Structures are given as C-alpha cells and as structure tokens.
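The values are calculated or read from the model by the stated rules, or taken from the named source; none is laboratory data. The model shown is predicted, which means the values in this text are computed figures rather than measured ones. Cβ placement follows ideal geometry from the backbone for every residue including glycine, while neighbour counts extend to all protein chains displayed. Note: accessible area is taken over every heavy atom of the protein model, side chains too, but ligands, DNA and RNA are not part of it. Shrake-Rupley method; radii C 1.70, N 1.55, O 1.52, S 1.80 Å.
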Amino acid sequence: MNIKSLLLGSAAALAAVSGAHAADAIVAAEPEPLEYVRICDAYGAGYFFIPGTETCLKIGGKVRTEGEWYDAYNRNSHNGTLWHTRAELNVSTATDTEYGPLKTETIVRWDWHDGNATSTNLLWSYISLGGFTVGKKDSQYNSYIGYAGDVINDDVIYDGPYELNQITYEYDAGNGFSAVVSVEDSNSSGSGASYGASWWTDDKANHYAPDVVAGAGFKSGAWGFKVVGGYDSIVEEGAIKARVDADFGAFSAFLMGGWNTDGDKLNKYAGTNQDVSACTAPNGTVNASKCGWGDWAVWGGASVPVNDKLKWNVQLAYTDSKIFEATTNIKWNPVKNLLIEPELTYVHYDYANDDTVSGILRFERNF
C-alpha cells in the first residue's frame with residue numbers, strides 16, 4: 001500500500017512538472033521595440049540617422065537626357081545631332097565629432113552616348129573633417145573661386161581642372177574672410193583627361209611632385225571677391241584667376257579674369273578644352289598656344305530670375321589668343337525638381353578664321 005501510494009504521488013508530481021514546462025513553451029516572448037528612421041536635420045534637408053548609429057545618411061541623384069546640335073568644343077565636328085543620357089547617384093554621410101562634422105560624399109555617374117557608347121565614372125569621393133578634405137573632387141582652382149557661369153558650356157574657354165585627387169585645407173574666419181591651400185594630383189588623367197582636351201594634357205605616371213593651389217577671398221553683403229592661383233609642377237608654369245560677384249536683387253553678375261605665367265604654353269591651370277582644330281590655321285599650321293588663353297582670359301556673366309520657375313543666364317568670354325565665346329540659356333522648372341534647359345553657344349576662332357554655333361536641349365530630374 002505504501003509503495004502504491006508512493007508511485008501514484010510520483011506520477012502526479014511528474015505530470016505537474018510536465019504541465020508547467022508545456023505552459024512555459026507556449027508563452028509568447030515580449031516583442032522587441034521597433035526603431036523608426038529618425039530625421040537628422042543638423043546637416044540640411046534629406047539626412048536621416050542610420051538605425052542603431054549616430055551617423056546621418058543622405059541619398060540623392062539625378063537622371064538627365066539631352067540632345068546636342070554640333071559641338072562648341074570642336075569646330076571640325078560634323079555631327080549634326082547627338083544624344084546623351086546620364087544617371088547619377090549621390091551618397092553623403094555626416095557624424096558629429098569633437099573636431100566638427102566628419103563627412104563623406106560619393107558621386108557615381110553612368111553615361112550613355114550616341115552610338116551605344118557607355119561609361120561609368122567615380123566623379124567625387126572624399127572625406128572632410130575640421131576644414132580638411134582628402135579624396136577626389138574638382139580642383140580648388142575651380143570649386144573655391146566658383147565656376148564660369150550658370151550655363152552648360154561654361155568651360156568652352158578653359159577655366160581649370162576638374163576631377164582629381166587632393167589634400168585640401170579651407171579656412172573660414174566667420175567674418176567673410178576665407179582661404180584655401182591644396183596639393184593636387186599631377187597624374188590625374190588616367191584613361192581620359194580630367195582637364196582639357198586629351199591631345200595636349202601633360203600628366204606623367206612617374207611624376208611625384210604634386211600641383212599646388214592657393215587662394216583667398218572676402219564676402220560682405222551683396223559683394224564678394226576671390227583670387228586663386230595654381231602651379232603645374234610638370235610644365236613648371238601656372239595661372240592666377242580673380243573674380244568679383246555681385247547680387248543686385250533683380251539679377252546677379254560676375255566678372256572673372258585669368259593670367260597665364262607663360263602665354264606661349266598650355267598648363268593645367270591655363271589650358272584648353274578645344275579640339276586642336278581651334279589652333280590650326282587655314283594653311284595647316286598648328287600653334288597650340290592659340291587654343292589656350294595666350295597671356296590672359298576674361299569671363300563675365302549674369303543671371304536674371306524672371307519668376308520662381310524661370311531664370312535667364314548669359315556668359316561671355318574672350319582670350320588674348322582671340323577666341324570669343326557667348327552662351328545663353330533658359331532654365332525652366334515647370335514642377336519642383338524637374339529642369340528643362342535650352343542653350344545656345346557661339347564661338348569665334350581668330351587663328352583658324354572660323355566660327356561655330358551649337359545648341360543643347362536638356363531635361364533633368366533631381367532627387
């Protein structure tokens with residue numbers, strides 16, 4: 001009897017324990033709290049925090065397609081029409097540190113040209129912190145002083161190099177004064193020149209001295225003035241540009257002048273984007289300096305906002321080598337982030353005794 005009671009008691013205990021484990025097995029776990037994407041407005045519109053981090057991320061880009069009629073950079077071009085389509089992806093990051101924002105920017109382009117020619121280009125990719133920038137972007141000779149007008153063909157008269165590797169420090173005093181110094185890649189052309197027409201570019205793979213750019217400027221109210229100089233360590237020559245900007249309310253305008261340290265030579269900071277035909281005389285004589293500035297070049301332009309959707313731009317340029325260029329366009333934004341831009345360019349070549357007229361019709365959606 002005692003044994004029977006003991007066995008029945010043990011069975012009841014085991015059943016109770018088994019029931020407890022079974023109940024535990026079907027209890028639902030507490031749900032993990034969801035982490036929603038948080039807006040990061042410290043660095044401008046479009047940034048958001050990467051979940052689980054303190055890094056802010058911004059993704060953008062553009063899709064562009066345009067038709068071109070003749071070529072403002074090649075007087076011998078016989079292409080009556082060309083078509084070009086581009087997709088671009090921009091990825092930017094920013095994180096707050098004790099030295100200020102730690103930022104990166106990467107821009108990748110995919111291009112399709114007439115004749116089924118395609119290309120991919122890492123346009124920019126750089127890191128910046130505390131005034132320092134290291135990586136690939138446009139030369140400070142252009143980006144610091146400002147480009148040559150709000151037109152597509154702004155560099156028909158060469159204004160300096162674009163995509164190249166660099167180490168740059170820019171100082172902003174906070175009172176309108178700024179300055180920049182940059183050491184830049186002297187072997188930046190690769191398979192295709194990042195500056196100028198490929199028939200004259202002078203980068204060398206075995207050259208280890210960098211090019212140097214330095215500039216300073218001051219802005220007060222509606223007026224701004226900047227000067228910048230660049231030294232080409234391969235040619236051992238360079239150029240200086242000075243620029244004045246003014247905003248008159250109803251319109252804005254700029255005037256920029258450049259001086260070449262040796263007008264008989266082309267260098268990275270006073271070169272040419274023109275085909276060699278621009279400096280080929282009617283008798284066949286080629287003088288490369290006639291494709292460039294000569295001793296000097298001057299640019300000027302104006303922008304007139306007609307209303308919040310329409311703006312008219314004009315740019316004029318002239319060189320000591322007697323190349324004259326005039327470009328005008330209309331920028332129309334029928335809806336936000338959509339641009340329709342027709343443009344017309346006229347170029348006169350004194351040495352070649354010729355002139356050209358070319359046009360572009362651009363459609364661009366930014367996001």
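Regarding the stretch 200-214, can at least one residue be identified that is touching an Asp or Glu at 6+ places or on another chain (Cβ under 9 Å), assigned to a loop (DSSP other than H, G, I, E, B) and among the polar types (S, T, N, Q)?
no
Please state which of the following conditions residue 110 fails to meet, knowing it meets all the rest: (1) more than 18 Å from the chain's Cα centre (by Cα); (2) within 25 Å of residue 159 (Cα to Cα).
Against the list (1) more than 18 Å from the chain's Cα centre (by Cα); (2) within 25 Å of residue 159 (Cα to Cα), residue 110 comes up short only on (1).
Just to check your reading of the model, which residue among 227, 235 is among the β-branched types (Val, Ile, Thr), outside any loop (DSSP other than H, G, I, E, B) and farther than 22 Å from residue 72 by Cβ?
227
Have a look at 172, 150, 185 and point out the one that is of a type outside the set (A, V, I, L, M, F, W, C), more than 30 Å from residue 81 (Cβ to Cβ) and open to solvent by 50 Å² or more (accessible area, probe 1.4 Å).
From the options 172, 150, 185, the qualifying one is 172.
Go through (1) part of a loop (DSSP other than H, G, I, E, B); (2) open to solvent by 30 Å² or more (accessible area, probe 1.4 Å) for residue 125 and report which single condition fails.
All conditions are met except number (1).
When the residues of the stretch 215-242 are narrowed to those that are charged (D, E, K, R) and over 14 Å from residue 260 (Cα atoms), which ends up most open to solvent (accessible area, probe 1.4 Å)?
It comes out as 219.
Output yes when any residue across the stretch 281-291 is among the β-branched types (Val, Ile, Thr), open to solvent by 40 Å² or more (accessible area, probe 1.4 Å), assigned to a strand (DSSP E or B) and in contact (Cβ under 8 Å) with a residue 12 or more places away in the chain, and no when none is.
Step one: list which residues in the stretch 281-291 are among the β-branched types (Val, Ile, Thr), which gives 285-286.
Remaining after also requiring open to solvent by 40 Å² or more (accessible area, probe 1.4 Å): 285-286.
Within this subset, residues satisfying the condition of being assigned to a strand (DSSP E or B) are 286.
Okay, now just the ones that are also in contact (Cβ under 8 Å) with a residue 12 or more places away in the chain, so none.
No; the residues of the stretch 281-291 include none that is among the β-branched types (Val, Ile, Thr), open to solvent by 40 Å² or more (accessible area, probe 1.4 Å), assigned to a strand (DSSP E or B) and in contact (Cβ under 8 Å) with a residue 12 or more places away in the chain.
Please verify whether the stretch 319-333 includes one or more residues that are at pLDDT 95 or above, within 24 Å of residue 213 (Cα to Cα) and either within 21 Å of the chain's Cα centre (by Cα) or surrounded by 15 or more Cβ atoms within 10 Å (Cβ to Cβ) (or both). Steps first, answer last, please.
Of all residues in the stretch 319-333, those at pLDDT 95 or above come to 319-333.
Those still in the list that are within 24 Å of residue 213 (Cα to Cα) too: 319-320.
When the remaining residues are screened for being either within 21 Å of the chain's Cα centre (by Cα) or surrounded by 15 or more Cβ atoms within 10 Å (Cβ to Cβ) (or both), the result is 319-320.
Yes: one or more hits.
Does the stretch 33-54 hold any residues that are of a type outside the set (Lys, Arg), surrounded by fewer than 16 Cβ atoms within 10 Å (Cβ to Cβ), in a loop (DSSP other than H, G, I, E, B) and at negative phi, and which are they?
33, 34, 35, 36, 37, 41, 42, 45, 50, 51, 53, 54
Looking at 270, 250, 246, can you tell me which residue is open to solvent by 30 Å² or more (accessible area, probe 1.4 Å) and of a type in the set (A, V, I, L, M)?
Working: 270 fails: open to solvent by 30 Å² or more (accessible area, probe 1.4 Å); 246 fails: open to solvent by 30 Å² or more (accessible area, probe 1.4 Å).
Checking each option against the conditions leaves just 250.
Would you call residue 195 in contact with a Ser or Thr (Cβ under 6 Å, 6 or more places away or on another chain), open to solvent by less than 20 Å² (accessible area, probe 1.4 Å) and assigned to a loop (DSSP other than H, G, I, E, B)?
no
Is one or more of the residues making up the stretch 238-248 of a type in the set (Phe, Trp, Tyr), under 24 Å from residue 74 (Cα atoms), in a loop (DSSP other than H, G, I, E, B) and in contact (Cβ under 8 Å) with a residue 24 or more places away in the chain? Let's see the steps before the verdict.
Taking the stretch 238-248 and keeping what is of a type in the set (Phe, Trp, Tyr), we get 248.
Add one more test, that the residue is under 24 Å from residue 74 (Cα atoms), and what stays is none.
Within the stretch 238-248, none of the residues are of a type in the set (Phe, Trp, Tyr), under 24 Å from residue 74 (Cα atoms), in a loop (DSSP other than H, G, I, E, B) and in contact (Cβ under 8 Å) with a residue 24 or more places away in the chain.
Would a scan of the stretch 292-312 turn up a residue that is open to solvent by less than 50 Å² (accessible area, probe 1.4 Å), within 25 Å of residue 353 (Cα to Cα) and under 22 Å from the mean Cα position of the chain (by Cα)?
For the stretch 292-312, residues open to solvent by less than 50 Å² (accessible area, probe 1.4 Å), within 25 Å of residue 353 (Cα to Cα) and under 22 Å from the mean Cα position of the chain (by Cα): present.
When the stretch 182-227 is examined, which residues are found to be among the aromatic types (Phe, Trp, Tyr), modelled with pLDDT under 95 and over 20 Å from the mean Cα position of the chain (by Cα)?
Within the stretch 182-227, 199, 200, 208 meet the criteria.
Test residue 134 against the stated conditions and say whether it is open to solvent by 20 Å² or more (accessible area, probe 1.4 Å) and modelled with pLDDT of 95 or more.
yes
Could you list, in sequence order, all residues of the stretch 63-102 that are β-branched (Val, Ile, Thr) and either closer than 17 Å to residue 135 by Cβ or crowded, with 17+ Cβ neighbours inside 10 Å (or both)?
91, 93, 95, listed by residue number.
Answer with yes or no whether residue 301 is more than 22 Å from residue 68 (Cα to Cα) and part of a strand (DSSP E or B). Lay out the reasoning, then the answer.
On the way: more than 22 Å from residue 68 (Cα to Cα): yes; part of a strand (DSSP E or B): yes.
The answer is yes for residue 301.
Restricting attention to the stretch 276-284, does a residue exist that is within 23 Å of residue 235 (Cβ to Cβ) and among the aliphatic types (A, V, I, L, M)?
Yes, some residue in the stretch 276-284 is within 23 Å of residue 235 (Cβ to Cβ) and among the aliphatic types (A, V, I, L, M).
Between a first residue in the stretch 324-337 that is at positive phi and a second residue that is not in a strand (DSSP E or B), which pairs have beta carbons less than 9 Å apart while being 6 or more apart in sequence or on different chains?
Close Cβ pairs satisfying both conditions: 337/367.
Return the pairs, sorted by first residue and then second, in which the second residue is of a type in the set (Phe, Trp, Tyr) and open to solvent by 10 Å² or more (accessible area, probe 1.4 Å), the first residue lies in the stretch 146-166 and is within 15 Å of residue 71 (Cα to Cα), the beta carbons are less than 6 Å apart, and the residues are 6+ apart or on different chains.
154/147
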